[in-house]
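First up is the structure itself, then whatever we jot down about it.
Every number here is computed from the coordinates shown, using simple stated rules; none is lab data. These figures come from a predicted structure and were not determined experimentally. FYI the Cβ positions are ideal-geometry reconstructions off the backbone, even for glycines, and counts take in every protein chain you see.
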Amino acid sequence: MNQSDDHKSIPMTSVDSGKLREIKSDVAYYTNQIVNLTMIGKPGQPWVLVDAGMPNSAEEIIEVAEKRYGENNAPEAIVLTHGHFDHVGSIVGLLTKWEVPVYAHSLEFPFLNGSQAYPEPDTSVEGGILAKISSVCPHDAIDITQTLRVLPADGTIPVLPGWRWIHVPGHSPGQIALFRESDRLLISADAFITVKQDSLYKVLLQKEEICGPPVYLTTDWPAAYESVKALAALDPEIVIPGHGTAMEGSKLHKGLTKLVADWDEEAVPDYGKWVYDNK
């Protein structure tokens with residue numbers, strides 16, 4: 001296994017870093033610097049990890065998981081929403097501890113089996129300081145071929161009964177969201193988030209607002225729009241985003257409705273290399 005050729009720690013954090021918050025008795029999310037990982041399963045019972053955090057955070061993530069699930073209770077599997085550095089940054093370290101399968105969409109496989117790098121982040125895009133310094137973000141492919149498994153085409157998720165995956169491309173080709181119909185709980189990945197991810201001030205303070213995907217890594221804006229529309233049509237009651245705090249109820253509904261209605265103004269930057277490519 002190989003984490004990536006440009007693997008390195010990224011000095012970005014927020015006031016919520018290090019917090020584990022329980023949303024349901026069997027669902028909690030942990031903020032690792034600026035990104036969320038979700039743990040599905042009741043404490044002490046079988047569980048599944050969604051995403052693998054920032055670079056060089058494996059020990060931290062393992063410690064949090066062991067406090068919730070026990071020292072000898074590895075996850076049954078890891079599900080990756082996509083392969084960007086902040087969602088797979090500690091995957092090799094985790095797999096060194098936990099020899100478990102990793103499930104992802106087939107369109108993400110090139111970025112997860114070492115065969116293709118993501119495009120470099122767009123530092124020219126309209127946005128705040130985090131967009132301008134995004135060139136520091138790793139974008140080379142990782143290689144976890146030996147543990148990688150494709151998600152079933154029927155939308156089910158192995159070892160997660162009651163959940164289904166939804167293809168939500170735009171931010172990355174094979175990005176997925178996870179949805180549980182019984183309580184309309186959505187894990188949105190970066191299809192939409194609840195903090196303006198290019199703004200250093202808003203990321204540091206986790207200022208809550210419904211936003212489109214991070215602008216400096218979103219390569220297909222028309223697809224991103226269709227993905228957000230699909231997630232809004234699910235009428236989620238609560239969302240755990242890839243970035244930002246969980247949101248529920250009327251605030252979520254109103255924010256998501258506005259994002260869809262005013263997509264070009266709310267989400268799409270005025271300029272950037274992928275904005276021009278998509279016009």
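Sort the following peptides by mean Cβ neighbour count (other Cβ atoms within 10 Å, averaged over residues), highest first: 225-236, 33-44. Each step should come with its number before you reach the end.
Values: 225-236: 17.5, 33-44: 21.2.
In descending order of packing, they fall as 33-44, 225-236.
With the convex hull built on the Cα atoms of region 166-273, state its orientation-averaged projected area in nm². The partial results should precede the final answer.
Working: hull surface 24.4 nm².
Result: a mean projected hull area of 6.1 nm².
Would you mind estimating how fast region 51-105 diffuses translationally, via Stokes-Einstein at 37 °C and 0.692 mPa s with the Kirkwood radius over Cα pairs, in µm²/s?
On the way: Rh = 11.2 Å.
My calculation gives 293 µm²/s for D.
Please get the size of the charge dipole for the chain, origin at its Cα centre, with Cβ charges of +1 on Lys and Arg and -1 on Asp and Glu, quoted in debye to the nearest 20. The partial results should precede the final answer.
On the way: 22 positive and 38 negative charges, 106 e Å.
In total the dipole reaches around 500 debye.
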Checklist outcome for this item: the chain: antiparallel bridges as % of DSSP beta bridges, rounded to 5, reads 70 percent
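Would you please report the Å³ per residue occupied by the convex hull of the alpha carbon atoms in region 115-214?
Numbers: hull volume 13.5 nm³, N = 100.
Roughly 135 Å³ of hull volume per residue.
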Next on the checklist: List the lysines whose Cα sits under 20 Å from the Cα of Lys67, skipping any in the same chain fewer than 8 residues away.
Outcome noted: Lys19, Lys24, Lys42, Lys97
Checklist outcome for this item: Under 5 Å from the placed amide H of Arg149, counting only residues 5+ away or on other chains, we find Val102, Tyr103, Ala104
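Below 8 Å between Cα atoms, with a sequence gap of 6+, how large is the relative contact order for the chain in percent?
Numbers: 651 pairs, mean separation 45.9, N = 279.
That works out to 16 percent.
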Checklist entry - Reachable lysines from Lys258, Cα under 18 Å, same-chain residues fewer than 8 places away excluded? => result Lys196, Lys207, Lys229
Checklist entry - Please state the Cα pair-distance histogram of the chain with 10 angstrom bins from zero: what percent is in each bin? => result 7, 32, 40, 19, 2, 0
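Please give the net charge around Gly128, taking every other residue with its beta carbon less than 11 angstrom from that of Gly128, where Lys and Arg add +1 and Asp and Glu add -1. Don't skip to the answer; put the middle values down first.
On the way: positive: Lys132, Lys196, Lys202; negative: Glu126, Asp198.
Once positives and negatives cancel, what remains is +1.
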Checklist entry - So how far apart, in nm, are the two label points at Ile10 and Lys42 if each is 7 Å from Cα heading toward Cβ? => result 3.6 nm
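Going by C-beta contacts inside 10 Å, put Ser9, Ser14 in order with the fewest on the left. Each step should come with its number before you reach the end.
Details: Ser9 12, Ser14 21.
Ordered from fewest to most neighbouring Cβ atoms within 10 Å, Ser9, Ser14 come out as Ser9, Ser14.
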